[in-house]
Amino acid sequence: MSALSLPFLSCTSSSSYPFSISLNSSFSSLIPFQRVKLFGSTSKATTGSFFLTARAMAELVKDKESGVAAAGGGKMDIEHSCTFLEACSEEELLSGIKKEVEAGRLPPNVAAGMEEFYRNYKNAVFQSGDPAAAETVLSNMAVALDLMLLDVEDPFVFQPYHKALREPFDYYMFGQNYIRALIDFRNSYVGNLSLFYEIEEKLKQGHNVVLFSNHQTEADPAVIALLLEKTNPHIAENLIYVAGDRVITDPLCKPFSMGRNLICVYSKKHMYDVPELADMKRKANIRSLKEIALLLRTGSKLVWIAPSGGRDRPDPVTGEWNPAPFDSSSVDNMRRLIESSGAPGHMYPLALLCYDIMPPPSKVEKEIGERRIISFHGAGLSVAPEIAANCEKSEEVKDVYTQALYKSVTEQYNVLKSAIHGKQGLEASTAGIALSQPWN
């Protein structure tokens, strides 16, 4: 399947468009057009959306700023630079980064990260062989760089429970379209698709569902949503992610996080990075737990959590990737929240394989602003039947239950690894894990 092969219009003016466009460049500019319409529907994005020029998009900057301010980003009291939205070539994008640094609007370290991000994304998308790769890179990176600059100018502040920003600018579909170009759908698989339909039915009945999953990359939410967008759009768009603080503080990551439903927590792995902040982080996590409890009381909620407390890392000796061990206290906290919600609850083990697309640093880093290594690759997602928790509350029982979830995730992960890395494809299916490619 070709990656993000969508129709584009060249960088020329047209009086038939609902915007006033004045262009003086002959370069092809490929910025998604009307934000609400373009990003308002997953199905539209995958079957062929309309595109306009960067200057047409620039007309909507004020709407974006007002939307961000209303959602918690604060009041924009500065004029937003449209340097990236007005770029019609790679040269203009890269020179725009330098221009913003010279103007004092962009810190040099963030600028360096943005340029590296651009070059790595370009290389990855070109790996797809898509004839529209150049246009896709320019389009997606112009929007991404603009959103990153906007957050530097006026940082968005996430609340303990953050609802995806879908209008006036749809950050969800921005992230979908950006990551879509990195997934090799010909070498991607979904395990036990029927169970995702089962989960949707339980949500319709008012039940709550928690997905206990391994965690591989910052792009996990988009990968999950992209692999399910055709068959299970409700799951794709309504999943609530328990997310660490790094994805809501890094200016290169925040625009992608703004398009997801998040419960924001501080990871145990980073609790004592700055010892004097540890108490504040613990109190913030308590507030986030209360938010989860309130959400679950209303029923029909789907929550994703990585009980490992962070992303998987390769074995330092063998280089092999496997799901990181689950923390039994994290699992038990979610179990208790589910049981006390007043609504029926279900807990499913979920496996995700996508580290090739955007692998984390080999070791956990304290500093914000990690390098983004990006590639075009297949990805996999699988869910297994729910595992009911034992009524006993002893530590031994908690550990046994956690290990049961982890074992299931590992088994599913190994099947996905055989299908994708082992090149076995659909033949890697087992009696308990049926692989499919529902987008075909």
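Numerical summary
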item: Count - residues of the range 102-125 that are assigned to a helix (DSSP H, G or I) and either in contact (Cβ under 8 Å) with a residue 12 or more places away in the chain or surrounded by 19 or more Cβ atoms within 10 Å (Cβ to Cβ) (or both); result: 15
item: Filter pass, GLU392 being more than 20 Å from GLN216 (Cα to Cα), at pLDDT below 95 and in a loop (DSSP other than H, G, I, E, B); result: yes
item: Residue ID - nearest to VAL210 (Cα to Cα), chosen from residues in the range 325-350 that are touching a Gly at 6+ places or on another chain (Cβ under 7 Å) and aliphatic (A, V, I, L, M); result: ILE338
item: Single match in VAL397, VAL409, VAL415 (criterion: in contact with a helix residue (DSSP H, G or I) (Cβ under 6 Å, 6 or more places away or on another chain), of a type outside the set (S, T, N, Q) and open to solvent by less than 60 Å² (accessible area, probe 1.4 Å)); result: VAL415
item: Check on ILE387, over 22 Å from PRO307 (Cβ atoms) and either at pLDDT 95 or above or of a type in the set (Val, Ile, Thr) (or both); result: no
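The values are calculated or read from the model by the stated rules, or taken from the named source; none is laboratory data. Here the structure is a predicted model, which means the values were calculated and not measured. With ideal geometry, Cβ positions are generated from the backbone for all residues, glycine too; neighbour counts draw on all protein chains shown. With ligands, DNA and RNA removed, areas are computed over all heavy atoms of the protein, side chains included. Shrake-Rupley method; radii C 1.70, N 1.55, O 1.52, S 1.80 Å.
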